[in-house]
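Reading through the structure tokens given below for one structure.
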Amino acid sequence: MKGLILVGGYGTRLRPLTLTTPKPLVEFGNRPMILHQIEALAKAGVTDIVLAVNYRPEVMVSTLKKYEQEYGVSITFSVETEPLGTAGPLKLAENVLKKDDSPFFVLNSDVICEYPFEELVAFHKAHGGKGTIVATKVDEPSKYGVIVHDIATPNLIDRFVEKPVEFVGNRINAGLYILNPEVIDLIELKPTSIEKETFPILVEQKSLYSFDLEGFWMDVGQPKDFLAGTTLYLNSVQKKTPEILSKDKHVIGNVLVDPTATIGEGSKIGPNVVLGPNVHIGPGVRIQNSVVLANSSVNAHAWVKNTIVGWNNTIGQWARLDGVTVLGDDVTVKDDVYVNGGKVLPHKTISANVEKESIIM
């Protein structure tokens, strides 16, 4: 089987982290975001993975090629000279996706969930249609494009309703698909939307079905959702592989700590925290609902909440970070400084309070 991951462009929603690291390589749960998907595809029997990229592919090539042998897959990079939307990349990678008659996966790289790909393959083959969309249930469907099913045929999609005023359903497109190779014949090599242009054709052909996703789902492409997704991911880890969570005496709740990280006496870490490689936490530090990426130091008595601390950061003593603050690479926050909702670009030093949401350039 084959899979294509829509890596996309500049990762603007996740800046300032993506100013120095391509979004797929930003660590989520202490592993590159895209590695969660590569691992799940390989487990489902996928042997050929295409990454559809149009920004800094050379950085990803050197990093991801090493995973080919580990997971027994071939990873190729399909480089767009112009953005091709969500369908055009399938046509561009036609030589791989149509190399045999097996169906192929299409994934949006921002999506984090439990990836039930084995069950999805079985469901897709059983219904006999050309495509299957993974659907997730939401509490407020009026914010999304909602899937409406055929009354007579279970899971057959009848239509999509964009931001419905009246209730028509509560399932939305989760950004994960499995398609038969002939679907590529419906796509031209130009900027094309699979959601708005390709899927309606399959609906008209009565050949597009939906598969309900169990468990959590989150698009982690922006900081607020990255942090919310981290909480959901850690909850899932607690249920399925709790042994990888930290049992350190300073930890409360679900916390993932790299073995090379250190935590000082009197600190309280958690719940919903990830500490990356070579992170140093000083004494008396309080961290919750946050991610601290590799090689960063949080010094004595600092308070970090709802924050992504980027790589190679130094957080001063008694500093306070909150309000979905995101620090880029190599940022220093001086002692006693308060940052509330700041987005701080790489290589900056913050010496004065940032009391409301702002971009620090």
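The values are calculated or read from the model by the stated rules, or taken from the named source; none is laboratory data. Small disclaimer: the values here were computed from a predicted structure and weren't measured. Note that each Cβ is placed from the backbone with ideal geometry, even for glycine, and that neighbours are counted across all protein chains shown.
What the table below lists for this structure:
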| quantity | calculated |
| --- | --- |
| Scope segment 86-102; condition within 11 Å of residue 189 (Cβ to Cβ) and of a type outside the set (D, E, K, R); matching residues | 87, 88, 89, 90, 92, 93 |
| Pairs where the first residue, in segment 181-203, is over 17 Å from residue 52 (Cβ atoms) and touching a residue at least 40 places away in the same chain (Cβ under 8 Å) and the second is among the β-branched types (Val, Ile, Thr) and surrounded by 13 or more Cβ atoms within 10 Å (Cβ to Cβ), C-beta under 6 Å, 6+ apart | 203/157 |
| Count of segment 280-297 residues which are part of a loop (DSSP other than H, G, I, E, B) and surrounded by 23 or more Cβ atoms within 10 Å (Cβ to Cβ) | 3 |
| Unique residue being among the polar types (S, T, N, Q), modelled with pLDDT of 95 or more and within 16 Å of residue 26 (Cβ to Cβ) when the list is 332, 349, 307, 314 | 307 |
| Within segment 298-348, strands (runs of 3 or more DSSP E) holding 2 or more residues that are under 16 Å from residue 275 (Cβ atoms) | 303-305, 307-309 |
| Identity of the residue in segment 149-171, out of contact with any Lys or Arg (no Cβ under 7 Å at 6 or more places or on another chain) and polar (S, T, N, Q), that ends up surrounded by the fewest Cβ atoms within 10 Å (Cβ to Cβ) | 153 |
| Residue match in segment 73-94 (condition: within 23 Å of residue 312 (Cα to Cα) and of a type in the set (Gly, Ala, Ser)) | no |
| Count - residues of segment 179-192 that are loosely packed, with under 14 Cβ neighbours inside 10 Å and under 27 Å from residue 36 (Cβ atoms) | 0 |
| Of the criteria (1) surrounded by 18 or more Cβ atoms within 10 Å (Cβ to Cβ); (2) at pLDDT 90 or above; (3) more than 25 Å from residue 231 (Cα to Cα), which one residue 176 fails | (3) |
| Residue within segment 55-76 that is at pLDDT below 90, within 27 Å of residue 196 (Cβ to Cβ), of a type outside the set (Lys, Arg) and crowded, with 22+ Cβ neighbours inside 10 Å present | no |
| Unmet requirement for residue 257, which otherwise passes all of (1) outside the structural domain of residue 290 (by TED's automatic domain parsing); (2) surrounded by 14 or more Cβ atoms within 10 Å (Cβ to Cβ); (3) free of Cβ contacts under 8 Å to residues at least 24 places away in the same chain | (1) |
